[in-house]
Amino acid sequence: MANTKSAEKRARQNAARTSRNRVYRSSARTAVKKARLAIESGDPNALELVRNAERVLARAANKGAIHQNNAARRTGRLMVMLNKSQAAA
């Protein structure tokens with residue numbers, strides 16, 4: 001437990017930021033999962049879902065919920081998966 005007034009404030013700020021960031025992180029994970037499942041199942045809407053995931057990841061990165069490179073890496077991996085599935089089809 002926090003012992004000083006500044007530590008108590010810091011704990012409150014961390015709790016607020018955590019709850020705010022959780023929304024962006026969970027929505028990003030959901031969007032990536034939907035896109036990945038659509039690619040693997042050969043869904044024709046896969047491109048649209050990948051674009052949505054890219055938008056959600058970029059938003060999470062801009063809000064600071066995830067690192068910019070983390071969003072770029074996840075987007076890149078989704079694009080590779082999508083291009084491989086389209087080339088095979």
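Throughout, read-outs are computed from the coordinates displayed, never taken from laboratory work. All of these numbers come straight from a predicted model, not from anything done at the bench. Glycine also receives a Cβ, built like all others from the backbone with ideal geometry; neighbour counts cover every protein chain displayed.
Here are a few things to note about the model shown:
- Computed from point charges on the beta carbon alone (+1 for Lys and Arg, -1 for Asp and Glu), the dipole magnitude for segment 5-88 about its Cα centre is near 660 Debye.
- Mean separation of Cα contacts under 8 Å, 6 or more apart, over the residue count of the chain: relative contact order %: 29
- Only one residue of 4, 83, 15 has its Cα farthest out toward the positive end of the dipole of the chain, where Lys and Arg carry +1 and Asp and Glu -1 on Cβ, and that residue is 4.
- Here the simple spin-label model places points 7 Å from the Cα toward Cβ, and for residue 63 and residue 21 these points are separated by 1.2 nm.
- Less than 5 angstrom separates the built amide H of residue 66 from those of 61, all sequence-distant by 5 or more or on a different chain.
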